[in-house]
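Participant: Below is a structure I'd like to ask you about.
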Number of protein chains: 2
Amino acid sequence: MLRTHTCGELRIQDLGKKVTITGWVQKLRNKGGLLWIDVRDRYGVIQLLAEEGKTPIPIIDICKSVGREYVISAKGIVIERVSKNPNMPTGDIEIMLEEITILNASKTPPFLIEDDTDGGDELRMKFRYLDLRRAEVRKNLELRHQLNQQTRQYLDNLGFIDIETPVLIKSTPEGARDFVVPSRMNKGEFYALPQSPQTFKQILMVAGFDRYYQIVKCFRDEDLRADRQPEFTQIDCEMSFITQEDILETFEGLIKHLFKTVKNVELPILPTMTYADAMQWYGSDKPDTRFEMKFVELNSIIKGKGFQVFDEAELVIGIVAKGCAQYTRKQIDELTEFVKRPQIGAKGLVYIRHEAENIFKSSVDKFYNQDELANIAKTMSSNVGDLMFIMSGEAKKVRKQLCELRLEMGNRLGLRKKDEFSALWVVDFPLLDWDDETQRWHAMHHPFTSPKNEDIVLLENGDLGNVRANAYDMVINGTEVGGGSIRIFQREMQEKMLSILGFSPEQAKAQFGFLMDAFEYGTPPHGGIAFGFDRLCAIMGGADSIRDFIAFPKNNAGRDMMINSPSTIADEQLKELGINVL
Amino acid sequence: MLRTHTCGELRIQDLGKKVTITGWVQKLRNKGGLLWIDVRDRYGVIQLLAEEGKTPIPIIDICKSVGREYVISAKGIVIERVSKNPNMPTGDIEIMLEEITILNASKTPPFLIEDDTDGGDELRMKFRYLDLRRAEVRKNLELRHQLNQQTRQYLDNLGFIDIETPVLIKSTPEGARDFVVPSRMNKGEFYALPQSPQTFKQILMVAGFDRYYQIVKCFRDEDLRADRQPEFTQIDCEMSFITQEDILETFEGLIKHLFKTVKNVELPILPTMTYADAMQWYGSDKPDTRFEMKFVELNSIIKGKGFQVFDEAELVIGIVAKGCAQYTRKQIDELTEFVKRPQIGAKGLVYIRHEAENIFKSSVDKFYNQDELANIAKTMSSNVGDLMFIMSGEAKKVRKQLCELRLEMGNRLGLRKKDEFSALWVVDFPLLDWDDETQRWHAMHHPFTSPKNEDIVLLENGDLGNVRANAYDMVINGTEVGGGSIRIFQREMQEKMLSILGFSPEQAKAQFGFLMDAFEYGTPPHGGIAFGFDRLCAIMGGADSIRDFIAFPKNNAGRDMMINSPSTIADEQLKELGINVL
């Protein structure tokens, strides 16, 4: 090693040691004959000292010649600092220079390598190697490594086996968003990159592997939002001979283990909420349960008072913003504008200020007298000083709209703290979802999810919308971090499901024939779950975006700004692959 | 869990316990009122017993109805066996059936699920889920999992950080064997799948991560040999602030750790052999050192005796096959045919039998008298009873040919045992290799490998063939399991190297500009290594082919026989991707 110590490890106990450190020049100071250089590496920062008159002149000269981000090697004696820095782990000591070597020079970086950088997103991505030197980004990747390690430790201990599934697999027309790979050896044919190893992990259950996991790259070619990446990582798991309860217990254990070992946070027992309850109370299948503010249904008490908007609505629901009765007209207007934005699409927002005991001020005073408002307040458990918001409309839509308002109020009231964690299971999802656009049933989770035994009769009677699935999501702080299901494991049921989803028998055979064949050779009952690892890292790191938990992310156009990819390829190569660019 | 115990864990101590097991029916026997069913899972095999007259008739009936590979659940009492089976861990006990449920039926498998299967390669690949049930294949994947775990443990302990590098990267014309991925969002442009994360791990060193590792899929679109796969896995590592010695020490430690923890084998200190010595002694840069049989150079003593073949040869070399003097004419003819096969291409093979003290019988008796043969024997350290083989020709070619003969003799003499392991480092590889076909210099390792400091003068003088690289391979039992180098870390040298390799400045910039730019912002000295993980698993598992250490391998045509991939894709999808099939 070119060093005896890292920049982070020397302490007052090391006084007098002759050491060699290597690293990057973070900062230089030159004060009347005293020169200090702060040197940084992955482990910390240490201060070097040279003193004119004492330190040999050639060393002083080198010290004066180095600039920010130069890579140096420095040898010297650990001495006690005159003025200590309690904010630095190495702040009690410094190194009195005896030798210094420039290992590599550096141009002036295009932005500051500090926690608060002046680099914009684009610059940071282009010079990602400099951005990654920032302690904040480095810590994110260190957190990711720890979560990876602890995930493996937990699952290894439970007898899960890590098995690599292939990356070059088969395209399915269903997966319209497959990335494909032309095959040179089989011209005109393509591999696809997996959106998940779903069928392979089921095949591993057929093969008897019993408990499988993999931390694995998956791929989806879709238009990217701020928090999506074309390649992403899953903690992918599957178990045999289990019930849904076993899966929930096992992976509740995983998430608790991760929070405990990596964040030193003891999660309480995860509550289980049905999909129906989550929609009714929070208007979302991934409720942010860091705060209450549950929806209250008001149809029975609010209709029939002459307010046409409510009278004609399928559903009238409200939430209570505690202590917000003094919200100004301007604040309420802002919130009204918020819910009327096209992304949310509400028609309006009704408020009731709970100003004092039995004294209310509302935007619908024309239609509701104080007694009626008091009755609403009582139903909503509003107290003096609270502010009630009420929305109405088509049930599905208004729930979504009020959900957005609830989250916005959570933000405004500081109820969504990044260092507080509220995790739960959402269960009993519908098996199928009707898509108006394509006029077809879609699998809410995926086509391999089994219906609840007690709902199979509905499936057979064609009451498809009411069939519940053995499907579950883990939700933390309003984000779905993982989801899974108990799978179909019998050919007949799988064929029925694919037929409901619009597959012809030929299509079903071409795409999933191998899986259905496998079901005929002794497939055990099985189920599993997959966690979005990038997302889990971001949530546990208290961040909104997954991007800084990925070493080399792509931008919203799917482009790697550092290597400038994708790019054109040579005509020869296209020819060899048997394809043409249109 | 649907079971209380696995099929592998019950012992005599468990007598009297009421247990439930689940698994696959391995075997059924029905002997005069006694029915036995062997049930198998990942953990072992256990025997169930039903007895006519004692066991309820419905249970007997179910027992009689199950077939091989049915998935069942069985409940009963652990009892002592009348006739124990010492070859089975559970052989002292059996389960007296009280309940049995068929969880899923099975058709008769197309081949036997036994260690020695009757399934051919193609059938096994098509029904891979059945093949994976065989204990032998399962154990290979379990070995792989252990090696994965122990690799991580070793590297984690040394402060290496696991960082995921991207899979969708940039195609390089150099990497003619890149798999490419058309970009839908950037029509006409392509990503490439990485042949290795080489440039990214170097960028991580620029970023200051210091010690990186990843167990990562890599891709190469080349014509497949028996032991190549289009997707393969590497243990990929890189370190900063190190010398070559540090790398060798660190990864010698890794391999010893793996052998110790997984195979309980203590590897001795790995010898280091220069490339030049390896070529001189073994005719290979990956010598199988499980046995000696080193090459002996004979030019100085064998030429000038009138045997034109030797006289005109650039190099005459031989090996001694100990104790083979009694080889028959037929055996020797076989070996002569072996080296004359087109794959090896030798013109002939000279032998000298060391029949008795100073008595020799050779195929060149016409040209060499007994004294001369004695002198050759002395030079070759041959003893009475040995057989000498001598080959001649162009130095480079004859070494390769004799290498093949040496390995063949190793096989015939049983000197290449699968459970013996001989590991070494081969170092000081040439930096560059002249390719006659393309009339160009190629990087022997890759374009980022640094030349030895003392050979830079040769590089500058244009003596390119004699420049040695800071490159090293780890070789086990004649197979390269890992290789790496100390990298170039200065822009000027990297530019020079790319220019030697025939890159124009524009090409160099287009492909590796980001790396060379990075070199200008404080790049530390660094180097690394990558191990072929599939290969390492196969060698440690004592197998020749990597295929059975991969859960879902592809065949020699790059095809996944189970899912039947690659396959054609829909015209719509091609259109969306902006490509055409020729």
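Participant: Please give the average number of partner chain Cβ atoms lying within 10 Å of the Cβ of each residue in B:100-108, rounded to a whole number.
Facilitator: Taking the mean over all residues of the peptide, I get 4.
Participant: Looking at the square roots a ≥ b ≥ c of the eigenvalues of the Cα gyration tensor of segment A:439-582, which shape do they give, rounded for a/c under 1.5, prolate if a/b is larger than b/c, or oblate?
Facilitator: Oblate is the answer for segment A:439-582, as a/c is 1.5 or above yet b/c matches or exceeds a/b.
Participant: When the accessible area of chain B is computed with all protein chains present and a 1.4 Å probe, what percentage of it is carbon and sulfur?
Facilitator: Carbon-and-sulfur percentage of accessible area, whole number: 48.
Participant: Moving to a separate point now. Efficiency by 1/(1 + (r/R0)^6): what FRET value for residue B:111 and residue B:371, r their Cβ-Cβ distance, R0 = 60 Å, to the nearest 0.05?
Facilitator: 0.45
Participant: Every other copy gets compared here: list the nm distances from the residue B:1 label point (7 Å along Cα to Cβ) to its counterparts, shortest first, one decimal.
Facilitator: Result for residue B:1, in nm, nearest copy first: 4.3.
Participant: If a/c stays under 1.5 just call it rounded; otherwise compare a/b with b/c (prolate if a/b is bigger, oblate if not). Do that for the protein assembly as shown, with a ≥ b ≥ c from the square roots of the Cα gyration tensor eigenvalues.
Facilitator: In terms of gyration-tensor shape, oblate.
Participant: Can I ask one more? Please calculate how many Å² of accessible area chain A carries per residue, with a 1.4 Å probe and no DNA, RNA or ligand atoms counted.
Facilitator: Per-residue value: 41 Å².
Participant: Further question: Give me the dipole magnitude in Debye, nearest 20, for chain A about the Cα centre, with unit charges on the beta carbon: positive for Lys and Arg, negative for Asp and Glu.
Facilitator: 1860 debye
Participant: Still on this structure, I have one more. How many nm is it between the label spots at residue B:88 and residue B:435, if each spot is 7 Å from the Cα in line with the beta carbon?
Facilitator: Here the answer is 5.8 nm between the modelled labels.
Participant: Calculate one ³J(HN,Hα) per residue across segment B:232-243 by plugging θ = phi - 60° into the Karplus curve 6.51 cos²θ - 1.76 cosθ + 1.60, and present them in order as whole Hz with x for glycine and proline.
Facilitator: 3J(HN,Hα) across segment B:232-243, in whole Hz: 9, 10, 10, 8, 10, 9, 8, 9, 10, 6, 10, 10.
Participant: Share of Cα-Cα pairs in segment A:291-416 beyond 22 Å, in percent?
Facilitator: When all Cα pairs of segment A:291-416 are counted, 27 percent exceed 22 Å.
Participant: If you don't mind, another one. Quote the FRET efficiency, to the nearest 0.05, computed for residue A:122 versus residue B:480 with a Förster distance R0 of 56 Å and r equal to the Cβ-Cβ distance.
Facilitator: Calculated value: 0.85.
Participant: Right, here's the next one. Total accessible area buried between chains A and B, 1.4 Å probe, in Å² to the nearest 100?
Facilitator: 11000 Å²
Participant: Here's a follow-up. So if R0 is 60 Å, what FRET efficiency would residue B:557 and residue A:51 give, r being the distance between their Cβ atoms, rounded to the nearest 0.05?
Facilitator: About 0.25, to the nearest 0.05.
Participant: Using modelled amide H (1.01 Å from N, peptide plane; none on Pro or chain starts), what sits under 5 Å from the amide H of residue B:579, excluding residues fewer than 5 places away?
Facilitator: For residue B:579, whose amide H was placed from the backbone, the distant partners under 5 Å are A:582.
Participant: Also, I was wondering about something else. Run the label-point distances for residue B:345 please: 7 Å along Cα to Cβ, every other copy, nanometres, shortest first.
Facilitator: For residue B:345, the other copies' label points sit at 7.0 nm, shortest first.
Participant: Also, I was wondering about something else. What are the distances, in nm and sorted shortest first, from the label point of residue B:411 to the label points of the same position in each other copy, with each label point placed 7 Å from Cα along the Cα-to-Cβ direction?
Facilitator: 6.9
Participant: Okay, helix-only estimate at 222 nm for the protein assembly as shown: each DSSP H run of n ≥ 4 adds -39500 (n - 2.57), divide by all residues, round to 500 deg cm²/dmol; what do you get?
Facilitator: That comes out to -8500 deg cm²/dmol.
Participant: Under the 0.36 nm per residue contour assumption, what length would be gained going from the current alpha-carbon distance of residue B:61 and residue B:460 to full extension?
Facilitator: This chain segment gains 135.0 nm when fully extended.
Participant: Short version: ³J(HN,Hα) in whole Hz for each residue of segment B:557-562, in order, from phi by Karplus 6.51 cos²θ - 1.76 cosθ + 1.60 (θ = phi - 60°), x for Gly and Pro, what are they?
Facilitator: Result, rounded to whole Hz: 9, x, 10, 8, 6, 6.
Participant: Also, quick follow-up: Go through segment B:189-206 residue by residue and turn each phi into a ³J(HN,Hα) via Karplus (6.51, -1.76, 1.60, θ = phi - 60°); whole Hz please, and just put x for glycine and proline.
Facilitator: Along segment B:189-206, the couplings run 10, 9, 8, 10, 8, x, 6, 6, x, 3, 5, 5, 6, 5, 4, 5, 5, 4 Hz.
Participant: OK, next. Given A:286/A:400; A:263/A:417; B:286/B:396; B:322/B:347; A:509/B:554, which pairs have Cα atoms separated by over 19 Å?
Facilitator: Too far apart for the 19 Å limit: B:322/B:347; A:509/B:554.
Participant: Which of rounded, prolate or oblate describes chain B when judged by the alpha-carbon gyration tensor and an a/c cut-off of 1.5?
Facilitator: It comes out oblate by the Cα gyration axes.
Participant: State to the nearest 20 debye the size of the charge dipole of segment B:12-104 about its Cα centre, where the only charges are +1 on K and R beta carbons and -1 on D and E beta carbons.
Facilitator: 180 debye
Participant: Run down the lysines and flag those whose C-alpha is under 20 Å from the C-alpha of residue B:575, throwing out any fewer than 8 positions away in its chain.
Facilitator: A:170, A:187, A:575, B:187
The values are calculated or read from the model by the stated rules, or taken from the named source; none is laboratory data. If you're wondering where the values come from, they're calculated on a predicted model, not measured in any experiment. Neighbour counts run over all protein chains shown; Cβ positions are idealised from the backbone, glycine included. Only protein heavy atoms, including side chains, enter the accessible area calculation; ligands, DNA and RNA are left aside. Shrake-Rupley method; radii C 1.70, N 1.55, O 1.52, S 1.80 Å.
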